[in-house]
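Student: I'd like to ask you about the structure that follows.
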Amino acid sequence: MKNYSILLTALILTTLNALGQNDKQFEFKIDGTINADTGTVTLQFLTDYIPKNNSDIVAKVKNGKFSISGYLPEPQSVEIGFGDNYLTSDFIIEKGLQTISINIDSARQVPVVSNNTMQNEYPRYTAFFKQLTIKRNLCDQKYNSIYKLNNYTLPEDIRFSMTKELDILYKEQDKLLLTYSEKNPNSEIAFWTLVRLMGWGYEPIFDSIYNSFSDQLKNGYAGKVLNTKLMEGKLLTVGKYFPLMSCADINSKPFTLDLFKDSRFTLVDFWYSGCGPCRAQFNSLKNLYNQFSTKGFEIVGISVDRATDKKKWEDIIINDKLVWQQYWDIDGKDVHRLSINAFPTNFLIDHTGKIIAKNISLGELEEVLSRSFK
């Protein structure tokens, strides 16, 4: 009887503890003003990083005001949308009441938010990245002008230069974020910046940034999710072997790693039917394929189209005359697991299946193939 009582007590405590873990959420409320009399605003979350019972919150605008409330396990990085065409830049919401002011004439701007993080840390954070922000704005202005002058297209050589210049800026951003997070290990802004950067794909420096954060951030709900994504993202870094994926071709033949062994180089290209930049590169890919496919170069396309867009995927393969092998990761389930969220994304693979380059520009790829197949 004594042992039974001890076991029953332990079971009750375990159950109460589990319930307590699930109930560890705080209430937040946002009172907002917006320069619109009516309409609908939507508070948008990064849904992978909140419990599944949470979702975007919709509120009505009345006389230029709205109110949003709910429960979350920790501070969150969010955006607010209005109607179909307006979206703020991301910002942090906290426990309790905070106010927000939105100007729908300034899309993709950080709104004025009255909480501790946005009033006190955000100005310091933006000041720390000020010089990088200036360089990025100048880069964007330069290539936007070139884009307009070239009838809203970019020649391949200019696209190659832009990619290299942006890559330098991205690397500088990552290094600055590491420095900032080391000095500010409890920074919600730095933490959620890393979360959003992971949305564009894993980089090895992300591990160091993550490890610089406090245990409180790393052990939170989002921190544990991010840790899992970092581990999965490592599977697609240079020097690793390309992983097996559960996709199949148009005849339901499964993807296998034997695809790589018969070619010296294979470009794995991730795309989908509604992606303009993905389709814009097809002519250049066809030129490379025609030039080098008989010498030991292969291309493997992997579409992430939704199940409802199967015919669109099939039609593009036929109409765009994509003669290389094509596979379909239905609804992008595998690529989501591997943190591939930007398209097109590519990986250059050697004959052993090892990744030797990620997101190589087609101009740089042509240089590599020309040197290798002399």
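Student: So, in segment 95-145, of the ones that are touching a strand residue (DSSP E or B) at 6+ places or on another chain (Cβ under 7 Å) and in a helix (DSSP H, G or I), which residue ends up surrounded by the most Cβ atoms within 10 Å (Cβ to Cβ)?
Tutor: Among them, the one singled out is Met118.
Student: In segment 199-215, what residues are surrounded by fewer than 22 Cβ atoms within 10 Å (Cβ to Cβ) and touching a residue at least 40 places away in the same chain (Cβ under 8 Å)?
Tutor: Residues satisfying the conditions are Gly199, Trp200, Gly201.
Student: Determine which single condition Ser145 fails, assuming it passes every other condition in (1) within 25 Å of Leu285 (Cβ to Cβ); (2) out of contact with any Asp or Glu (no Cβ under 8 Å at 6 or more places or on another chain).
Tutor: Only one criterion in (1) within 25 Å of Leu285 (Cβ to Cβ); (2) out of contact with any Asp or Glu (no Cβ under 8 Å at 6 or more places or on another chain) is unmet by Ser145, namely (1).
Student: Can you find a residue in segment 117-129 that is modelled with pLDDT of 95 or more, basic (Lys, Arg) and over 23 Å from Thr40 (Cα atoms)?
Tutor: Looking through segment 117-129, at least one residue is modelled with pLDDT of 95 or more, basic (Lys, Arg) and over 23 Å from Thr40 (Cα atoms).
Residue-wise test of (1) in contact with a strand residue (DSSP E or B) (Cβ under 6 Å, 6 or more places away or on another chain); (2) surrounded by fewer than 16 Cβ atoms within 10 Å (Cβ to Cβ); (3) under 18 Å from Asn319 (Cβ atoms).
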{"site": "Asn251", "(1), (2), (3)": "no, yes, no"}
{"site": "Phe255", "(1), (2), (3)": "yes, no, no"}
{"site": "Asp258", "(1), (2), (3)": "no, yes, no"}
{"site": "Thr266", "(1), (2), (3)": "yes, no, no"}
{"site": "Gly276", "(1), (2), (3)": "no, yes, yes"}
{"site": "Lys286", "(1), (2), (3)": "no, no, yes"}
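Student: Identify, please: which residue in segment 75-89 is modelled with pLDDT of 95 or more and not in a strand (DSSP E or B) and is, among those, farthest from Lys218 (Cα to Cα)?
Tutor: Once the filter is applied, the top-ranked residue is Thr88.
Student: If you don't mind, another one. How many residues does segment 212-265 hold that are in a helix (DSSP H, G or I) and of a type in the set (S, T, N, Q)?
Tutor: 3
Student: Taking the condition of being surrounded by 17 or more Cβ atoms within 10 Å (Cβ to Cβ) and part of a loop (DSSP other than H, G, I, E, B), how many residues in segment 330-359 meet it?
Tutor: Number satisfying all stated conditions: 6.
Student: Looking at Ile30, is it at pLDDT below 95, crowded, with 18+ Cβ neighbours inside 10 Å and either more than 29 Å from the chain's Cα centre (by Cα) or under 30 Å from Met198 (Cα atoms) (or both)?
Tutor: Numbers: at pLDDT below 95: no; crowded, with 18+ Cβ neighbours inside 10 Å: yes; either more than 29 Å from the chain's Cα centre (by Cα) or under 30 Å from Met198 (Cα atoms) (or both): yes.
So Ile30 fails the test.
Student: While we're on this one: Take the residues in segment 105-136 that are free of Cβ contacts under 8 Å to residues at least 40 places away in the same chain and of a type in the set (Ser, Thr, Tyr), then tell me which one is farthest from Asn186 (Cα to Cα).
Tutor: Ser106
Student: So, of the residues in segment 39-89 that are among the β-branched types (Val, Ile, Thr) and under 14 Å from Phe28 (Cβ atoms), which turns out to be surrounded by the most Cβ atoms within 10 Å (Cβ to Cβ)?
Tutor: Ile80
Student: Being surrounded by 15 or more Cβ atoms within 10 Å (Cβ to Cβ), at pLDDT 95 or above and more than 29 Å from Glu232 (Cα to Cα) narrows it down to one residue among Ile316, Ile299; which is it?
Tutor: Sole residue among the options that is surrounded by 15 or more Cβ atoms within 10 Å (Cβ to Cβ), at pLDDT 95 or above and more than 29 Å from Glu232 (Cα to Cα): Ile316.
Student: Of the conditions (1) hydrophobic (A, V, I, L, M, F, W, C); (2) out of contact with any helix residue (DSSP H, G or I) (no Cβ under 7 Å at 6 or more places or on another chain); (3) not in a helix (DSSP H, G or I), Ile92 clears all except one; give me its number.
Tutor: Exception for Ile92: condition (2).
Student: Related question: Note down all Cβ pairs under 6 Å where the first residue falls in segment 216-229 and is farther than 21 Å from Leu338 by Cβ, the second is surrounded by 16 or more Cβ atoms within 10 Å (Cβ to Cβ), and they're at least six residues apart or on different chains.
Tutor: Listed by first residue and then by second, the contacts come to Leu217/Phe191; Leu217/Gly223; Gly220/Glu74; Tyr221/Pro73.
Student: Going by what's in this entry, would Tyr327 be described as in a strand (DSSP E or B) and not charged (D, E, K, R)? Show your work before the answer.
Tutor: Values: in a strand (DSSP E or B): yes; not charged (D, E, K, R): yes.
Judged against the criteria, Tyr327 is a match.
Student: When you scan segment 177-192, do you find a residue that is assigned to a loop (DSSP other than H, G, I, E, B), surrounded by fewer than 16 Cβ atoms within 10 Å (Cβ to Cβ) and among the polar types (S, T, N, Q), even just one?
Tutor: The answer is yes, given that some residue of segment 177-192 is assigned to a loop (DSSP other than H, G, I, E, B), surrounded by fewer than 16 Cβ atoms within 10 Å (Cβ to Cβ) and among the polar types (S, T, N, Q).
The values are calculated or read from the model by the stated rules, or taken from the named source; none is laboratory data. Here the structure is a predicted model, which means the values were calculated and not measured. FYI the Cβ positions are ideal-geometry reconstructions off the backbone, even for glycines, and counts take in every protein chain you see.
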